[in-house]
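Here is the structure we will look at.
The values are calculated or read from the model by the stated rules, or taken from the named source; none is laboratory data. Predicted model only: the values in this text are computed from it and were never measured. Note that we place each Cβ from the backbone using ideal geometry, even for glycine, and neighbour counts take in every protein chain shown. Accessible surface areas use protein heavy atoms only, side chains included; no ligands, DNA or RNA. Shrake-Rupley method; radii C 1.70, N 1.55, O 1.52, S 1.80 Å.
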Amino acid sequence: MNTFYLTTPIYYVNDKPHIGHAYTTILADVLTRFHRTAGEDVFFLTGLDEHGQKVQQAAEQRGVAPKHHCDEMAPRFLELWEKLHIQNDDFIRTTEKRHVEVVQKILQEVFDNGDIYEDEYEGLYSVSEERFITEKEAESGEFRDIKNIKEKNYFFKMSQYQQPLIDHINNNPGFIQPEHRKNEVLGFLKKPLGDLCISRPKSRLNWGIELPFDSNYVTYVWFDALINYVTAVGYNVHDPNFKKYWPANYHLIGKDILTTHSVYWPTMLMSAKLPLPLGIFAHGWWLSGESKMSKSLGNVVDPLDLIEEYGVDPVRYYLMREMVLGQDASFTMESFIKRYNSDLANDFGNLLSRVSNLLNKFFEGKIPKEEDDSPEGIVIKENGIKVVAEVWDQIETMRVNDAIESTLQFVRSVNKYMETKAPWKMAKEDLNATGKVLFTAAEALRVSAVLLDPVMPNRTKVVLETFNAQGSGLDWGGLTPGNKLNQHDVLFPRIDVKKLKKSNQTESKSVSPSNVITFDEFKNVDLQTAKVLRAEKVDGADKLLKIEVEVGDEKRQIISGIAQYYTPEELLGKMVVVVTNLKPATIFGIESHGMLLAAKKGKELTLITIDGEQVSSGMQIY
Ligand code: MSP
């Protein structure tokens, strides 16, 4: 029997799950449901990435121990998977003993192979990004908490596998998909590949898996996390389960974690002498309208709100239909409702209510004897057979949105067929022919429901139950003549757009629940007027100015990324606005106590200044 092993990324537990996490997990669920239907032996893995700085910081902020934090976050993900009807076979957490053991075993093997060495490294380290950064990156002003670090670390000889990796990618065209991502990786591999720092000294970070060969260090979170894919299937070449499922058919990932998966992971596997995954598939990002979803912009879509409002199947449907696999997609409430009303309420739902109403009216709610042998009826049957092969081909080539569209096109053609044949009129003259049309339409609807079942497992069940056809397969002819129909509710009640516009709160609640802050929260930001006393350039950083301001009786130093907009002289004496209770940060090795407010559009930036005789430094701003 063919096996199909599919993984999602393991999610960081530094925050609650959002639509991006939900998307990949639903995608994996849909694909594995299809493969299960095809009779394959499927293994679907998802889980949580629990080590590393991000998680440690999230726990610190909440004032709890990291493991305690993880134990509290894990149920939130599990609850979402349950609500989304995710049928995963395993849920791995990187703090589990089974994983810790495998990571240490692999580290030891790679170490014994001579692929790990110790070296002293000096460089700029971004605490927030958890990695060493280049001087150019440091100057960009995008990184906070930059430290100059000089320390001993362990390095994995990744560079040694650069050519074998390039060869592997070229010899296996399906290894990195879609094609443009493969080219991106090959482009990246044109430059010499460095070695990978795989340790963090415990003095700096202790929330991680201890190196088996040096207890003063923990493992770099990515070296730990990627290994989850082999832990879950029982890493051990002699384990029958491992032999059965590894290598994985696909690692599903988002485009932002392409390098870790298609460079770090394969080279790690090469060193551990394990086969590489057969495919790595990178999907795009969900944008909120046109913008990136981010907590600070307050536009992150919460999947739980959507499910509560519209039910799980429409959410699954929308996410799968709207995103072209490999490209970014834009989430808007308008497009959600449009899809819902047109595809689900009008096309699919309407076909069910038409067919079942007519069968109830003219055939005592029973499936008629035979199918339509008129030319139009034969076309529906032929297309009903064709669409199954087409959808399967699209699923196998990871074109889920196309597979859904093919099915919906078929549903639309059946609605057209009903309109052409008009069985409601026909019934007055020829009941036998009417029965045939309704049989063919019902059978076409049944096949469509089976095809949509992996995407919408709940509502398609209602369709199949209506025709007493639960468990019927994709082959044409699954309906049993004479079977009594069951009652059903409205499959997808139309969303009244006008009503929705009136109660606009609903929309803002589900699309951007974190967009609003209370007055008290706003008051937490301490804004004060401040007078610039001194300003100078920061050596070696083109964009930064070191500014000394007076805030009432107090003087403070602020590092600000405005050197391209203002000369130090221009700033002297200006009355600016400062956020005074911002957590101090070290930027380019210099402490910064606060932030200047500025207005920015494109390449223009202007500091917010206050004029007036009454104005002095240290005034509170409301
Ligand atoms: N823990 C790592 C993955 C380790 S896998 C061995 C990680 N976690 S994450 O929680 O930050 O992100 C998990 C996935 O969510 C990534 O694939 C990322 O691309 C995806 N998404 C995060 N935001 C997203 C959108 N707005 N849209 C779609 N997916 C996005 O990275």
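Quick look at the numbers
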item: Matching residues, region 206-217, being within 16 Å of the ligand (Cβ to nearest atom) and among the aliphatic types (A, V, I, L, M); result: 209
item: Candidate set from region 287-300 (those that are surrounded by fewer than 16 Cβ atoms within 10 Å (Cβ to Cβ) and either touching a residue at least 24 places away in the same chain (Cβ under 8 Å) or in a loop (DSSP other than H, G, I, E, B) (or both)); member that is nearest to the ligand (Cβ to nearest atom); result: 287
item: Residue that is farthest from residue 256 (Cα to Cα), among those in region 329-338 that are among the hydrophobic types (A, V, I, L, M, F, W, C) and within 14 Å of the chain's Cα centre (by Cα); result: 331
item: Residue within region 578-585 that is among the aliphatic types (A, V, I, L, M) and outside the structural domain of residue 529 (by TED's automatic domain parsing) present; result: no
item: Count - residues of region 145-203 that are surrounded by 17 or more Cβ atoms within 10 Å (Cβ to Cβ) and of a type in the set (Ser, Thr, Tyr); result: 3
item: Which listed residue is within 22 Å of residue 79 (Cα to Cα), crowded, with 18+ Cβ neighbours inside 10 Å and more than 11 Å from the ligand (Cβ to nearest atom), from 276, 304, 252; result: 304
item: Test: residue in region 120-141 that is assigned to a loop (DSSP other than H, G, I, E, B) and open to solvent by 70 Å² or more (accessible area, probe 1.4 Å); result: yes
item: Yes/no for residue 266 being of a type outside the set (Gly, Ala, Ser), in contact with a Pro (Cβ under 7 Å, 6 or more places away or on another chain), away from the ligand (no atom under 11 Å from the Cβ) and outside the structural domain of residue 460 (by TED's automatic domain parsing); result: no
item: Of all residues making up region 6-29, the number that are under 15 Å from residue 89 (Cβ atoms) and open to solvent by less than 10 Å² (accessible area, probe 1.4 Å); result: 6
item: Search result, residues across region 597-622 that are touching a helix residue (DSSP H, G or I) at 6+ places or on another chain (Cβ under 9 Å) and outside any loop (DSSP other than H, G, I, E, B); result: 607
item: Residue 99, sole failed condition from (1) assigned to a loop (DSSP other than H, G, I, E, B); (2) in contact with an Asp or Glu (Cβ under 9 Å, 6 or more places away or on another chain); result: (1)
item: Selection count where residues are over 20 Å from residue 96 (Cα atoms) and either among the β-branched types (Val, Ile, Thr) or within 6 Å of the ligand (Cβ to nearest atom) (or both), scope region 1-24; result: 6
item: Residues (open to solvent by 10 Å² or more (accessible area, probe 1.4 Å) and either more than 16 Å from the ligand (Cβ to nearest atom) or at pLDDT below 95 (or both)) located in region 226-249; result: 234, 235, 236, 237, 238, 239, 240, 241, 243, 244, 245, 249
item: Residue identified as more than 10 Å from the ligand (Cβ to nearest atom), open to solvent by 20 Å² or more (accessible area, probe 1.4 Å) and at pLDDT 95 or above among 62, 93; result: 93
item: Residues of region 46-74 that turn out to be in contact (Cβ under 8 Å) with a residue 60 or more places away in the chain, within 21 Å of the chain's Cα centre (by Cα) and part of a helix (DSSP H, G or I), as a count; result: 5
item: Helices (runs of 4 or more DSSP H) wholly inside region 412-510 containing at least 3 residues that are modelled with pLDDT of 95 or more and out of contact with any helix residue (DSSP H, G or I) (no Cβ under 7 Å at 6 or more places or on another chain); result: 431-452, 459-466
item: Options 382, 334; residue that is over 22 Å from residue 314 (Cα atoms), surrounded by fewer than 18 Cβ atoms within 10 Å (Cβ to Cβ) and without any contact (Cβ under 8 Å) to a residue 12 or more places away in the chain; result: 382
item: Unique residue being more than 16 Å from the chain's Cα centre (by Cα) and open to solvent by less than 10 Å² (accessible area, probe 1.4 Å) when the list is 326, 284, 311, 377; result: 377
item: Some residue of region 122-130 being under 24 Å from the mean Cα position of the chain (by Cα) and at pLDDT 95 or above; result: no
item: Matching residues, region 251-260, being assigned to a helix (DSSP H, G or I), over 14 Å from residue 193 (Cα atoms) and in contact (Cβ under 8 Å) with a residue 40 or more places away in the chain; result: 255, 257, 258
item: Scope region 307-332; condition within 16 Å of residue 83 (Cα to Cα), within 11 Å of the ligand (Cβ to nearest atom) and among the acidic types (Asp, Glu); matching residues; result: none
item: Test: residue in region 338-359 that is surrounded by fewer than 18 Cβ atoms within 10 Å (Cβ to Cβ), outside the structural domain of residue 467 (by TED's automatic domain parsing), in contact (Cβ under 8 Å) with a residue 60 or more places away in the chain and not charged (D, E, K, R); result: no
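Condition check ((1) hydroxyl-bearing (Ser, Thr, Tyr); (2) closer than 24 Å to residue 494 by Cβ; (3) out of contact with any helix residue (DSSP H, G or I) (no Cβ under 7 Å at 6 or more places or on another chain)) across all residues:
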| residue | (1), (2), (3) |
| --- | --- |
| 336 | no, yes, no |
| 361 | no, yes, yes |
| 372 | no, no, no |
| 375 | no, no, yes |
